[in-house]
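Student: Got a structure for you, written out below as structure tokens; questions coming shortly.
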Amino acid sequence: MDCLQVKNVIKRYLQLDGKEKEVLRGIDFTVKNQETVSLLGESGCGKSTLARIILGIEKLDKGSIVINDTSIETFSYNRYRKIRNSIQGVFQDSTGSLNPKLTVLKNMEEGLKNIRKINRYDRKKQISELMEQLDLPLDILKTPVKGLSGGEQRRVSLIRALLVRPDILILDEITSGLDVESKEKVISLLSTYKKQYNCAFLLITHDKSLAYKISDRILYIEEGIITKQGERKR
Ligand SMILES: Nc1ncnc2c1ncn2[C@@H]1O[C@H](COP(=O)(O)OP(=O)(O)OP(=O)(O)O)[C@@H](O)[C@H]1O
């Protein structure tokens with residue numbers, strides 16, 4: 001079964017010169033349950049716009065997005081509330097997903113409190129296990145997020161998303177700028193997590209080696225359209 005269907009999505013932006021530019025020109029693909037799909041493309045081809053549309057942060061002009069069985073083309077908040085435990089996103093720049101003034105712990109707990117009802121002891125246990133796996137020291141739990149580096153914030157954002165146990169996780173350039181060791185840790189955590197919780201990933205990246213390493217399928221996007229796709233041979 002497909003956990004995500006992106007159907008003929010079109011998105012236009014108004015440019016400074018007053019003209020409209022079609023940034024996404026009919027994007028069509030699906031992600032099956034537990035599949036890892038990479039969307040690979042050069043800077044400016046529309047990858048992040050698509051990620052924002054799938055996550056309901058941005059409106060589409062035409063087409064639809066179906067998450068599990070729920071179509072969200074109408075972009076209503078209520079529809080999104082229904083599926084918010086099914087889909088989570090992590091971006092290269094975590095400022096949109098984390099509250100910089102709140103501590104690391106509060107940021108991580110927020111998703112858990114609102115979406116998965118689990119007790120305080122289990123919350124702390126799950127948070128500290130994931131932090132250890134990503135080499136984040138536990139003493140930053142009381143630090144406001146704004147006091148962390150960009151790479152640390154991204155890892156906090158990843159943990160926050162994983163704690164919700166989504167069916168599909170959208171990962172937008174999450175390893176860029178990380179050193180080799182941190183990048184390996186993120187990749188290893190994702191593969192462990194996937195085995196444990198049967199989650200699907202949509203990896204948005206321009207890092208070919210990362211895409212080749214972890215994907216079941218790679219979609220190539222050029223100037224707002226998918227130009228080819230390939231299965232990984234195992
Ligand atoms: N809010 C906006 N208003 C106008 N144009 C925008 C807006 N957001 C993105 N664009 C334009 O849409 C195009 C696609 O941008 P997008 O950020 O989706 O590309 P990308 O493939 O994710 O690039 P990168 O890898 O550099 O992040 C670019 O030409 C960008 O300038």
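Student: Could you line up GLU22, GLU42 from fewest to most neighbouring Cβ atoms inside 10 Å? Display every interim value, and only then the final one.
Tutor: Details: GLU22 15, GLU42 11.
Listed from fewest to most nearby Cβ atoms, that is GLU42, GLU22.
Student: With springs connecting C-alpha atoms under 10 Å apart, model the chain as a Gaussian network and identify which of ILE87, ILE159, ILE140 has the largest mean-square fluctuation.
Tutor: Checking each option, the largest mean-square fluctuation is seen for ILE140.
Student: How do ILE226, ILE174 rank when sorted from fewest to most other Cβ atoms within 10 Å of their own Cβ? List each step's numbers first, then the result.
Tutor: Numbers: ILE226 17, ILE174 28.
Arranged by neighbour count, lowest to highest, ILE226, ILE174 become ILE226, ILE174.
Student: Here's a follow-up. Starting from 0.36 nm per residue, how many nanometres of slack lie between THR95 and GLU181 once their C-alpha separation is accounted for? Present the calculation step by step, with values, prior to reporting the outcome.
Tutor: Numbers: separation 86, 0.36 × 86 = 30.96 nm, distance 2.35 nm.
The span from THR95 to GLU181 would gain 28.6 nm if fully extended.
Student: I'd like the orientation of helix 104-114 relative to the chain: the angle between its Cα long axis and the longest Cα principal axis, in ° from 0 to 90, rounded to 10.
Tutor: The angle comes out at about 70 degrees.
Student: As an exercise, identify the trypsin sites (Lys or Arg not before Pro) in segment 107-174 lying in DSSP coil whose Cβ has no more than 14 other Cβ atoms within 10 Å. Please list the in-between numbers first.
Tutor: Details: sites: LYS113, ARG116, LYS117, ARG120, ARG123, LYS124, LYS125, LYS142, LYS146, ARG154, ARG155, ARG160; in loops: ARG116, LYS117, LYS142.
In loop regions of segment 107-174 (DSSP not H, G, I, E or B), the sparsely surrounded trypsin sites (Lys or Arg not before Pro) are ARG116, LYS117, LYS142.
Student: Most fluctuating residue of ASP179, ASP216, ASP93 in a GNM of the chain with Cα springs under 10 Å: which is it?
Tutor: Taking springs between Cα atoms under 10 Å, the residue moving most is ASP179.
Student: Note down the magnitude of the dipole of segment 97-165 about its Cα centre, charges +1 on Lys and Arg C-beta and -1 on Asp and Glu C-beta and zero elsewhere, to the nearest 20 debye.
Tutor: Working: 15 positive and 8 negative charges, 77 e Å.
Computed charge dipole of segment 97-165: roughly 380 debye.
Student: Moving on. Sorted from fewest to most neighbouring beta carbons within 10 Å, what does the list MET108, MET131, MET1 look like? The partial results should precede the final answer.
Tutor: Values: MET108 27, MET131 19, MET1 8.
By the 10 Å Cβ count, ascending, the order reads MET1, MET131, MET108.
Student: Something else: Taking the Cα centre of the chain as the origin, how large is its charge dipole in debye, to the nearest 20, when only Lys and Arg (+1) and Asp and Glu (-1) carry charge on their Cβ atoms? If you can, show how the numbers build up before the last one.
Tutor: Details: 41 positive and 31 negative charges, 163 e Å.
With Lys and Arg at +1 and Asp and Glu at -1, about 780 debye.
Student: Where the only charges are on Cβ atoms (+1 Lys, Arg; -1 Asp, Glu), what is the dipole of segment 60-180 about its Cα centre, to the nearest 20 debye? Walk me through the intermediate numbers first.
Tutor: Details: 20 positive and 16 negative charges, 158 e Å.
Computed about the Cα centre, the dipole is about 760 debye.
Student: Taking the Cβ-Cβ separation of ASN198 and LEU102 as r and a Förster radius of 35 Å, what is the calculated FRET efficiency to the nearest 0.05? Please report the intermediate quantities before stating the final value.
Tutor: Details: r = 30 Å, r/R0 = 0.87.
It comes to 0.70.
Student: For an R0 of 25 angstrom, estimate the FRET efficiency from the Cβ-Cβ distance between ASP135 and ASN33 and round to the nearest 0.05. Don't jump to the answer; show the numbers that get you there.
Tutor: Details: r = 30 Å, r/R0 = 1.20.
About 0.25, to the nearest 0.05.
Student: Which of the three applies to segment 97-165, rounded, prolate or oblate, going by the alpha-carbon gyration tensor with a ≥ b ≥ c and a/c under 1.5 meaning rounded? List each step's numbers first, then the result.
Tutor: Details: a/c = 1.63, a/b = 1.36, b/c = 1.20.
Taking the square roots of the gyration eigenvalues as a ≥ b ≥ c, segment 97-165 is prolate.
Student: Loop-only check: which trypsin sites (Lys or Arg not before Pro) in segment 1-77 are DSSP coil with at most 15 other Cβ within 10 angstrom? Intermediate results must be reported in sequence, preceding the final value.
Tutor: Working: sites: LYS7, LYS11, ARG12, LYS19, LYS21, ARG25, LYS32, LYS47, ARG52, LYS59, LYS62; in loops: LYS19, LYS59.
Filter output for segment 1-77: LYS19, LYS59.
Student: Once you have the Cα-Cα distance between LYS208 and ASP69, take 0.36 nm times their residue separation minus that, and quote the gain in nm to one decimal.
Tutor: Details: separation 139, 0.36 × 139 = 50.04 nm, distance 3.13 nm.
Gain on stretching LYS208 to ASP69: 46.9 nm.
Since every read-out is calculated from the coordinates, none of them should be taken as a lab result. The shown structure was predicted, so the numbers you read here are calculated from the model rather than taken from an experiment. Note that we place each Cβ from the backbone using ideal geometry, even for glycine, and neighbour counts take in every protein chain shown.
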